[in-house]
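One structure below.
Just so it is clear, none of the values below were taken in a lab; they were calculated from the coordinates. This is a predicted model, so every value here is computed, not measured. Using ideal geometry, Cβ is built from the backbone for each residue, glycine included, and neighbour counts are taken over all protein chains shown.
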Amino acid sequence: YFCKRFGGALVEIDGHNEYHTVVSLARARNFPDFYIGLTDIFSEGTWVKASSYKFQTYFRWSPGEPNNNRDQDCAQVYRVNSKMDDVWCSENRNFVCEK
């Protein structure tokens, strides 16, 4: 809701270059794990962009992810290896917005 309030949305990764840019900026600022605009809440295992609902075509999952551990439906970038991980949508977590 924060991103929307300021006219944006959670960052939606469209490909390798954007992913690399977002991760590089986060690392340079020592940013912790953060939500990205990716969810499978509508259909388990079908990952879509959170604001446009378009199918996600680029993934950079951590090994063994997504694992849907106890119904995880949102995605984050995991700081340790800079890869995607599915997480619970209800957790308080940092996020990156885009406009």
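Annotations for the structure displayed:
- Extents of the chain, largest first, come to 32, 30, 26 Å (Cα atoms, principal axes, whole angstrom).
- Available extension along the chain between residue 57 and residue 30 is 7.0 nm, counting 0.36 nm per residue and deducting the alpha carbon span.
- Computed FRET value (nearest 0.05) for residue 46 with residue 1, which takes r as the C-beta separation and R₀ as 22 Å: 0.40
- Label zone at residue 69 (point 7 Å along Cα-to-Cβ), backbone N below 19 Å, segment 39-56: 39-41, 45
- Lys, Arg +1 and Asp, Glu -1 on Cβ, resulting dipole of the chain about Cα centre, debye, nearest 20: 440
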